[in-house]
Amino acid sequence: MASPQVRAAGLGLFEDSTDIGRPKHAGSAAYSEAAHAYTVSGGGANMWFAKDSFRFVWKKVSGDLDLAATVAFLGEGVDPHRKACLMVRQSLDEDAAYADAALHGDGLTSLQYRETRGAPTREIQSNVRQPSRLRLEKRGKYVSMSVAPQGADLVPAGGSFRLELSEPFYVGLGVCAHNDDHRETAVFTGVAITPPPTATPGRWISTLETVAIASKDRRVTWWTRDLIEAPNWSRDGAHLYFNGRGRLYRITHDGAGGEPTPIDTGFATRLNNDHGISPDGTQLVISDQSQGDRKSRIYTLPITGGTPRLVLEAAPSYWHGWSPDGKTLAYCAERNGEYDVYTIPSTGGTETRLTDAKGLDDGPDYSPDGKSIYFNSDRTGRMQLWRMNADGSDPRQLTHDDFNDWFPHPSPDGKWIAFLSYDPEVQGHPANKDVQLRLLSVVDGHIEVLAKFFGGQGTLNVPSWSPDSRKLAFVSYQPDFSSPNAR
């Protein structure tokens, strides 16, 4: 719970107001008790990269909290990227760790954050523009945001990130002109700092997101209170496919097309999260467990939907990769108590076992040239990434770290391997854990972190690269703190 609220003279809920960084023009702040409104003016060149420059109205707090306000700019403004923010911040230093719910002058709304002091700023862009109200939410080591579309109530914006602040920290309101030669002004009304509600047991929010490889910025495509998993990116770059409630769905990758459209998969109504798209973009491959003994089996069907065709009877089998020439499927299967990597012609036939080491071999995916298969294996004690020739020969370990690394997916241009990492103590690939989405350079083996969030099973099980290799799609999860009667 947040510390008791302090009513400082002239600043309502807050203790003080100051310029962060070195804006050319000093900012100001005033509180109208009659209107319950804060008018904040700020200069500053930006709130981005490794340091910030803006006006901050603040108080010190501890614990979890919600900070909500209705936010409106005054005047047309000079720069469309001017920002009015609800913020939690480690210190008043210009390079401090922080998170904010930021409304931009052009209507863009994003959850911005700097994970540690001096680190670069990242963001999760909402798919709601120009909301009427914002709420910044701190829950333990995670921060999230809710937005109210015009004429509607606050709803989750989708997406959250890991931010660990030492107590006490600062909470407040900020304004940045995004042009150091000017000041901009915003009015914050209905400002409230409250302890968060209790999460509804068993209720989670699933967020379908994309992340840009170059900037590491994230964007929400769609969110739901249903469980969704494992996005695939269509070959033309226009759509994302994902599974939920045993079915398969399609949505435009930028979320502009509204709600997802269900794909007709006939009798297959218990799909798991192992599905994908053929190299020529005409076929879907699914792993379904609706028939007979309810074990997972692999089927193909037209990408527009239709009656699935069984590829092989042996079960359980979980698809993971399609060879670039379209002729072969790679999958993980359990046979006689051992999970290994297998291949089979995409039209059906006899399966070929590629791995036989003791332990679990899983997640096979082809290199863009079809000469190699990447997979994950715990044959050396910890789950790590491996590569072998497409016929199973010459397996070589690629990662040697303290994480448990799962589901390697080569980028279409062959430069990167995207994968999911769990903390060392986590066994298997369970849901609802602290995870990292990471990139391995094929050229030099360097590994970098794309994002840290709450996820796991369902986040990145299958190939999810955009065709141009510039973005990845994934699913993140967070506890649902809203009313149990909410959508």
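The values are calculated or read from the model by the stated rules, or taken from the named source; none is laboratory data. Treat the numbers as computed from the prediction; the structure is a model and nothing was measured. Cβ: placed from backbone, ideal geometry, glycine included. Neighbour counts: every protein chain shown.
Values computed for the structure shown
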quantity: Residue tally, condition under 21 Å from the mean Cα position of the chain (by Cα), outside any strand (DSSP E or B) and either of a type in the set (A, V, I, L, M, F, W, C) or not assigned by TED's automatic domain parsing to the domain that holds residue 60 (or both), over segment 138-175; calculated: 3
quantity: Test result for residue 387, free of Cβ contacts under 8 Å to residues at least 24 places away in the same chain, touching a strand residue (DSSP E or B) at 6+ places or on another chain (Cβ under 7 Å) and basic (Lys, Arg); calculated: yes
quantity: Residue match in segment 73-84 (condition: under 18 Å from residue 170 (Cβ atoms) and either in a strand (DSSP E or B) or of a type outside the set (Val, Ile, Thr) (or both)); calculated: yes
quantity: Condition met for residue 180 (touching a residue at least 60 places away in the same chain (Cβ under 8 Å), out of contact with any Ser or Thr (no Cβ under 6 Å at 6 or more places or on another chain) and in a loop (DSSP other than H, G, I, E, B)); calculated: yes
quantity: Scope segment 343-384; condition assigned to a loop (DSSP other than H, G, I, E, B) and among the small types (Gly, Ala, Ser); matching residues; calculated: 346, 348, 349, 357, 359, 367, 370, 381
quantity: Test: residue in segment 189-204 that is within 25 Å of residue 69 (Cα to Cα) and either within 14 Å of the chain's Cα centre (by Cα) or crowded, with 22+ Cβ neighbours inside 10 Å (or both); calculated: no
quantity: Residues of segment 30-64 classified as outside any loop (DSSP other than H, G, I, E, B), over 23 Å from residue 94 (Cα atoms) and in contact (Cβ under 8 Å) with a residue 12 or more places away in the chain, total; calculated: 2
quantity: Selection within segment 243-268 - over 25 Å from the mean Cα position of the chain (by Cα) and closer than 18 Å to residue 317 by Cβ; calculated: 265, 267, 268
quantity: Yes/no for residue 215 being buried (at least 17 other Cβ atoms within 10 Å of the Cβ) and either assigned to a strand (DSSP E or B) or among the small types (Gly, Ala, Ser) (or both); calculated: no
quantity: Single residue of 144, 166 found to be in contact with a strand residue (DSSP E or B) (Cβ under 8 Å, 6 or more places away or on another chain) and of a type in the set (Gly, Ala, Ser); calculated: 144
quantity: One residue from 113, 98 being under 23 Å from residue 479 (Cβ atoms), more than 18 Å from the chain's Cα centre (by Cα) and crowded, with 18+ Cβ neighbours inside 10 Å; calculated: 98
quantity: Among residues of segment 104-134, those that are closer than 24 Å to residue 50 by Cα and either in a strand (DSSP E or B) or in the same structural domain as residue 221 (by TED's automatic domain parsing) (or both), counted; calculated: 12
quantity: Members of segment 409-441 found to be within 17 Å of the chain's Cα centre (by Cα) and among the polar types (S, T, N, Q), listed by number; calculated: 421, 432, 436
quantity: Exclusive hit being of a type in the set (Gly, Ala, Ser), surrounded by fewer than 23 Cβ atoms within 10 Å (Cβ to Cβ) and in the same structural domain as residue 250 (by TED's automatic domain parsing), set 321, 363, 306; calculated: 306
quantity: Test: residue in segment 259-280 that is out of contact with any Leu (no Cβ under 8 Å at 6 or more places or on another chain) and in a strand (DSSP E or B); calculated: yes
quantity: Selection status of residue 51, farther than 21 Å from residue 130 by Cα, out of contact with any strand residue (DSSP E or B) (no Cβ under 8 Å at 6 or more places or on another chain) and in the same structural domain as residue 164 (by TED's automatic domain parsing); calculated: yes
quantity: Total residues in segment 267-301, condition on the phi > 0 side of the Ramachandran plot and without any contact (Cβ under 8 Å) to a residue 40 or more places away in the chain; calculated: 2
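Residue by residue, here is whether (1) at pLDDT below 95; (2) out of contact with any helix residue (DSSP H, G or I) (no Cβ under 9 Å at 6 or more places or on another chain); (3) not in a strand (DSSP E or B) holds:
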| site | (1), (2), (3) |
| --- | --- |
| 438 | no, yes, no |
| 461 | no, yes, yes |
| 475 | no, yes, no |
| 481 | yes, yes, yes |
